[in-house]
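Data first, discussion second: the structure below is written as structure tokens.
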Amino acid sequence: MKTPFGCLLFFTTLTLSVAVARAAESHLPRGVSPANAHLYVPDSSTHWRCLDGSKKIPFSALNDDYCDCKDGSDEPGTSACGTGYFHCANIGHVGSNIKTSRVNDGVCDPECCDGSDEFNGQIDCPDTCKEVGAKAKEEQERVREVQEQGSQLRKQYIAHGKSAKTKLREELEQLKAKTERLQKAASDAKDKLDKMTEKQEQFLEGTKNEREAARKVQLAPLIEEQSRRLRHAQETKDHLFRTLQNLKEKYNKNYHDLAVKNTVSGFEDFVSGLGEEPIFKEEKSAVEESNEDDIGISGDDRLKALTDDTNIVLREIGTLYDLLNGMKHEYNTEYNDEAVLAAVKVTENFEPLWNSGLQEFQDEVSLEIPDEESDDSPAAERLKEETDIARAEYDAASEEERSANDRISDINRKLEMDLGSDETFAQLLDQCFEYKDIEYTYSVCLFGDANQKSHATTFLGKFSRWEGDNYDTQIYTGGTQCWNGPERSVKLVMSCGADNQIISVSEPAKCEYLFKLKTPAVCPVLPDLIEAEMAATTLKERSGTKEHDEL
Ligand code: MAN
């Protein structure tokens, strides 16, 4: 316990040391900061030792514009040594230290807003500390406000993140419990559908012959029309074929008419292209063949075979006609080769038919095939209805199972993600931000993809990892390969802000992008004002009790 005398002694000593310090400050050599005042006190013989201990000099030699000490400590207020530091008091703002080499160098150093570094009259540096200080205070206040707002939001993010993870875990448990039931429901529905489908197939099998007969009746006019077209095409082809065959056998080889020779050799190529087929035969049409083997061929298959055959023959007609037509334009009329003249005549006769745009010879010939008339007997209708219901039930059950499984994977992915030490980033998960510069629009979806867009979109990378231990830097990798360079990548650096916004995007190295994002997610978590006040009051009360105890 302190005695009243002890108290008196203590206060007297305190008052004295404050007075000594003040005295030292008021006699401070120029350029010495109050914090270093105790280092610049003369000894009893009014001498002083360099701060590195190298030399003792008269106290009056301080700042005499001559460098005595190796460390330059004797000239804090001149540029004689140039190695030490000059302190500007900057009253109204905050003090700062500049290299002594900048003292009286004719430049108003912005660090010395009081202008005290230029005192030799060479230049007039006005004292702007009041304004600079006011601005700095404003800026400080702004930063404080941002931090305060950001801190409030970050606290909300944290609360959201924690409750979101808890909710996800609960949902996951419920879903897991549900999946077995959903699986069974889907598999039961599948069995039911399979049974119904089989039943329907059996029913259809039972009525197959009747349905096919009905379909044949339905398609009969089309089959007849297609058969006629095929016959017509075949007759035309045979006619042209015979004409060319006749030309080949009978043309006069002594004339050496190149046009004729080309056509004959083209015809020979055509014939050899027919492969195994005889050079010429009275082919049976597909319809004739299928008519002979009526059983087992459906009306649809027959119609298709006829159409395919017709198309093949039409292409052949085209080839043969081209051969004849080519010769007709180029042959030498002076030779009067009878075989050639006969072929030209056939070509001329055929020409109007071909040129008239007759569909049959121009386009692929196909007829509109009607849908099969459905079996609308009550039994068939009932079966169809039941199968449709079973299918709808199965679709719904399997969809429910699939979406539960998708949700489970999604939840697991989210639970496994590193969303910061206090889950702050749950709030920003998959949130996207954009930044437009002159050339591009950049975007990033946090924990997702980053892109660069102009007329086309270039992929800059996918979230890969956090960098460092502060949860303020993310790395996105695996973007589109840069021409002659690396795969594109992004470094996303975050700083405290009262809202979420990309503030700049740059490309410090080719295809390596730097996104700067301000966000409440990295603001310091400040104590709430009320909490802080309460904490301060409690501290006061506690210290009050202690003093009381001590008394
Ligand atoms: C595109 C953009 C640029 C990048 C070049 C590299 O123009 O993605 O950012 O520097 O490609 O060739």
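Considering segment 499-525, and only residues there that are in contact with a Pro (Cβ under 8 Å, 6 or more places away or on another chain) and closer than 14 Å to L428 by Cα, the residue that is nearest to the ligand (Cβ to nearest atom) turns out to be N500.
Of everything in segment 203-232 that's among the basic types (K, R) and in contact with a Ser or Thr (Cβ under 9 Å, 6 or more places away or on another chain), which residue is farthest from A380 (Cα to Cα)? Write out each step before concluding.
From segment 203-232, those among the basic types (K, R) are 208, 211, 215-216, 228-229, 231; that's our starting set.
Adding the requirement that they be in contact with a Ser or Thr (Cβ under 9 Å, 6 or more places away or on another chain) leaves 215-216, 229, 231.
Numbers: R215: 17, K216: 20, R229: 37, R231: 40 Å.
Residue satisfying both the conditions and the ranking: R231.
Is at least one residue of segment 375-391 basic (K, R), away from the ligand (no atom under 16 Å from the Cβ), at pLDDT below 95 and surrounded by fewer than 15 Cβ atoms within 10 Å (Cβ to Cβ)? Yes, there is a match, as at least one residue in segment 375-391 is basic (K, R), away from the ligand (no atom under 16 Å from the Cβ), at pLDDT below 95 and surrounded by fewer than 15 Cβ atoms within 10 Å (Cβ to Cβ).
Just give me the residues in segment 440-453 being more than 20 Å from P486 (Cβ to Cβ) and within 14 Å of the ligand (Cβ to nearest atom), in sequence order. Even if it seems obvious, please write down each step before you answer.
Of segment 440-453, the ones more than 20 Å from P486 (Cβ to Cβ) are 441, 443, 445-448, 453.
Across segment 440-453, the qualifying residues are T441, S443, K453.
Does V132 fit the bill of being touching a strand residue (DSSP E or B) at 6+ places or on another chain (Cβ under 7 Å), at negative phi and either among the β-branched types (V, I, T) or not in a loop (DSSP other than H, G, I, E, B) (or both)?
Yes: the conditions hold for V132.
Residue pairs whose Cβ atoms lie under 7 Å apart, separated by 6 or more positions or on different chains, with the first residue in segment 369-390 and of a type in the set (G, A, S) and the second modelled with pLDDT of 90 or more and surrounded by 14 or more Cβ atoms within 10 Å (Cβ to Cβ), are A390/K192; A390/L193; A390/M196. Taking segment 463-492, which residues are away from the ligand (no atom under 16 Å from the Cβ) and surrounded by fewer than 18 Cβ atoms within 10 Å (Cβ to Cβ)? Listed by number, the residues that qualify are S464, R465, W466, E467, G468, D469, N470, T473, I475. What residue, among those in segment 181-196 that are under 39 Å from the mean Cα position of the chain (by Cα) and surrounded by fewer than 13 Cβ atoms within 10 Å (Cβ to Cβ), is nearest to T387 (Cα to Cα)? Looking at residues that are under 39 Å from the mean Cα position of the chain (by Cα) and surrounded by fewer than 13 Cβ atoms within 10 Å (Cβ to Cβ), I get K184.
Conditions tested, residue by residue: (1) in contact with a helix residue (DSSP H, G or I) (Cβ under 9 Å, 6 or more places away or on another chain); (2) in a loop (DSSP other than H, G, I, E, B); (3) more than 14 Å from V522 (Cα to Cα); (4) in contact (Cβ under 8 Å) with a residue 12 or more places away in the chain.
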residue	(1), (2), (3), (4)
D469	no, yes, no, no
V490	no, no, yes, yes
D499	yes, yes, no, yes
V505	no, no, yes, yes
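Residue-by-condition table, conditions (1) surrounded by 12 or more Cβ atoms within 10 Å (Cβ to Cβ); (2) among the small types (G, A, S); (3) within 30 Å of G420 (Cβ to Cβ):
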position	(1), (2), (3)
C125	yes, no, no
Q140	no, no, yes
G150	yes, yes, yes
A159	yes, yes, yes
A164	yes, yes, yes
L172	yes, no, yes
K178	yes, no, no
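Note on segment 258-284: residues that are modelled with pLDDT of 95 or more and in contact with a Phe, Trp or Tyr (Cβ under 7 Å, 6 or more places away or on another chain) amount to 3. Of the residues in segment 407-430, not one is assigned by TED's automatic domain parsing to the domain that holds Y513 and in contact with an Asp or Glu (Cβ under 7 Å, 6 or more places away or on another chain). With a requirement of 2 or more residues that are over 26 Å from E224 (Cα atoms) and at pLDDT 95 or above, the helices (runs of 4 or more DSSP H) lying completely within segment 297-368 that satisfy it span 299-330, 338-355.
The values are calculated or read from the model by the stated rules, or taken from the named source; none is laboratory data. All values derive from a computational prediction rather than experimental measurement. When we count neighbours, we look across all protein chains shown, and the Cβ atoms used for this are built from the backbone with ideal geometry, even at glycine.
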